[in-house]
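Report on one structure; see the data block that follows.
The values are calculated or read from the model by the stated rules, or taken from the named source; none is laboratory data. Only a predicted model underlies this, so the values are computations on that prediction, with no experimental measurement involved. Glycine gets a Cβ as well: all are built from the backbone with ideal geometry, and neighbour counts include every protein chain shown. Quick note on the areas: whole protein, heavy atoms, side chains included, nothing else; ligands and nucleic acids left out. Shrake-Rupley method; radii C 1.70, N 1.55, O 1.52, S 1.80 Å.
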Amino acid sequence: DAEEYQPPIWKSYLYQLQQEAPRPKRIICPREVENRPKYYGREFHGIISREQADEILAGVEGAYILRESQRQPGCYTLALRFGNQTLNYRLFYDGKHFVGEKRFESIHDLVTDGLITLYIETKASEYISKMTTNPIYEHIGYATLLREKVSRRLSRTKNESRKASVTSEENTPVEKITSLVRRAALTQNDNHFNYEKAHNFKVHTFRGPHWCEYCANFMWGLIAQGVRCSDCGLNVHKQCSKYVPNDCQPDLKRIKRVYCCDLTTLVKAHNTQRPMVVDSCIREIEARGLKSEGLYRVSGFTEHIEDVKMAFDRDGDKADISASIYPDINIIAGALKLYFRDLPIPVITYDTYSKFIEAAKISNPDERLEAIHEVLMLLPAAHYETLRYLMIHLKKVTLHEKENFMNAENLGIVFGPTLMRPPEDSTLATLNDMRYQKLIVQLLIENEDVLF
């Protein structure tokens, strides 16, 4: 029940461990080293052996030096004291310092982050392996809570937390909720078109302490501590991201444009069945352009089509594409085709492309239609709905063939390469498949009432 919603209690055990981790101690070389790389400081000790490095670092936890390899001159090693032993790591530089995936501005930061990671993984390896087994995410997922009730509950909690300074058992402020509050307030009821969408996670460096919104544990380290969904802002550990369900609810503030944006991302951000570009353009074309000769075949002025694109990117569904602004309907038709061409994943997705082509090659008409129908069922919901709506529209276009001279075959020639592209950027594959692309769209138009 949404009334029972409580902000999550963040688990600060890993935060405490990070605070306890050894601090880096740079051991300076007492002599001037010749041929020292310009990007290393006086912690560079030149060509020395592992044994010599061990002697220099002995007994000082967190101490480190840099050395050149005796066996491979020109190769450099970070020697680091941790756990009463000297650890040696091959060190690289490409404008930043690194021994693994993470890249650092300074050796000091690299060592600091390394000591934190070593300490936490040594002290809490079993704890880390079990972090994902009892996630908070399942209990406060936004699909289970009602916006109004949660908002009231959250406002009360916020006031109470100010008065009582409510903290968790590990003394972590409750106000660390970050984007979970917004996510918790969104619901299936609020999102009428509940299309499944995977999160768009990218490695992220968090400034200041951050907690994982899946498992509620601290995200340790100095940089690249976790990943953030660039569409909805969810912050989680990299390992936790594998367990987060495909329930991304994009935030309009993060969606900077309409064109070139993933189709499912756009419809979820705007909470619509289909991209509003498709609805707006088709509505305008059906109002004043169905009888226009060569509709979709005749090109509008490129500059004006770009203007329409910028209008949608800037104003969204408030974009004015009326006859008073764009009297030539071919500009609107061109803007619609451009939207489909600019999609990062075509309406007929890369995953289903080869299946559609194989279906088109079937000679028996009934079997071919059955095969096409089966592949249609594999499309993501937003792609399926967009394709269905477009085919209904194109069927209307063919009903005015006497005036516009556009039948299903002609429209198939125009829309085949626009709606489906081969996964590999191969000119040969595109040329070979062109007639099948045309045939697929032609069949979808002619049989839209049966296939959808």
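Here is how the numbers come out for the structure above:
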| item | result |
| --- | --- |
| Candidate set from the stretch 405-436 (those that are open to solvent by less than 30 Å² (accessible area, probe 1.4 Å) and without any contact (Cβ under 8 Å) to a residue 40 or more places away in the chain); member that is farthest from A333 (Cα to Cα) | A429 |
| Criterion: hydrophobic (A, V, I, L, M, F, W, C), more than 18 Å from N246 (Cβ to Cβ) and either in contact (Cβ under 8 Å) with a residue 40 or more places away in the chain or touching a His at 6+ places or on another chain (Cβ under 9 Å) (or both) - qualifying residue of A371, A359, A382 | A359 |
| Residue list for the stretch 74-108, restricted to those being open to solvent by 60 Å² or more (accessible area, probe 1.4 Å) and either hydroxyl-bearing (S, T, Y) or farther than 14 Å from F44 by Cβ (or both) | N84, Q85, Y89, R90, F92, Y93, D94, K96, V99, E101, R103, E105 |
| Count - residues of the stretch 209-241 that are charged (D, E, K, R), out of contact with any His (no Cβ under 6 Å at 6 or more places or on another chain) and open to solvent by 30 Å² or more (accessible area, probe 1.4 Å) | 1 |
| Candidate set from the stretch 346-385 (those that are hydrophobic (A, V, I, L, M, F, W, C) and part of a loop (DSSP other than H, G, I, E, B)); member that is surrounded by the most Cβ atoms within 10 Å (Cβ to Cβ) | V347 |
| Residue within the stretch 290-313 that is hydroxyl-bearing (S, T, Y), open to solvent by less than 30 Å² (accessible area, probe 1.4 Å) and in contact with a strand residue (DSSP E or B) (Cβ under 9 Å, 6 or more places away or on another chain) present | no |
| Lone unmet requirement of (1) small (G, A, S); (2) over 30 Å from L252 (Cα atoms); (3) surrounded by 15 or more Cβ atoms within 10 Å (Cβ to Cβ) for A319 | (2) |
| Selected residue (criterion: nearest to I120 (Cα to Cα)) from residues of the stretch 246-260 that are open to solvent by 10 Å² or more (accessible area, probe 1.4 Å) and either among the acidic types (D, E) or touching a residue at least 60 places away in the same chain (Cβ under 8 Å) (or both) | D247 |
| Every pair of residues 6+ apart whose Cβ atoms lie under 8 Å, when the first sits in the stretch 269-288 and is in contact (Cβ under 8 Å) with a residue 40 or more places away in the chain and hydrophobic (A, V, I, L, M, F, W, C) while the second is outside any helix (DSSP H, G or I) and open to solvent by less than 30 Å² (accessible area, probe 1.4 Å) | M276/V258; V277/V258; V277/Y259; C281/I321; I285/L295 |
| Members of the stretch 271-289 found to be closer than 22 Å to I413 by Cβ and surrounded by 15 or more Cβ atoms within 10 Å (Cβ to Cβ), listed by number | V278, C281, I282, I285, G289 |
| Selected residue (only one of R23, R67 is open to solvent by less than 30 Å² (accessible area, probe 1.4 Å), touching a Ser or Thr at 6+ places or on another chain (Cβ under 9 Å) and modelled with pLDDT of 95 or more) | R67 |
| So T132, is it part of a helix (DSSP H, G or I), touching a residue at least 40 places away in the same chain (Cβ under 8 Å) and either more than 20 Å from I223 (Cβ to Cβ) or in contact with a Ser or Thr (Cβ under 7 Å, 6 or more places away or on another chain) (or both) | yes |
| Criterion violated by L390 - all others in (1) over 31 Å from the mean Cα position of the chain (by Cα); (2) of a type outside the set (V, I, T); (3) assigned to a helix (DSSP H, G or I) satisfied | (1) |
| Some residue of the stretch 250-264 being over 16 Å from Y339 (Cβ atoms), touching a Leu at 6+ places or on another chain (Cβ under 9 Å), modelled with pLDDT under 95 and of a type in the set (V, I, T) | no |
| Boolean, S354 is more than 34 Å from the chain's Cα centre (by Cα) and in the same structural domain as V298 (by the TED database) | no |
| Which listed residue is assigned by the TED database to the domain that holds L399 and without any contact (Cβ under 8 Å) to a residue 24 or more places away in the chain, from D320, D313, D328 | D320 |
| Residue pairs meeting the criteria (Cβ under 7 Å; at least 6 apart or on separate chains; first in the same structural domain as S106 (by the TED database), in the stretch 1-26; second modelled with pLDDT of 95 or more and open to solvent by 90 Å² or more (accessible area, probe 1.4 Å)) | L17/K123 |
| Qualifying position, being outside the structural domain of P209 (by the TED database), surrounded by 13 or more Cβ atoms within 10 Å (Cβ to Cβ), more than 30 Å from K130 (Cβ to Cβ) and out of contact with any Asp or Glu (no Cβ under 8 Å at 6 or more places or on another chain), among E43, E61 | E43 |
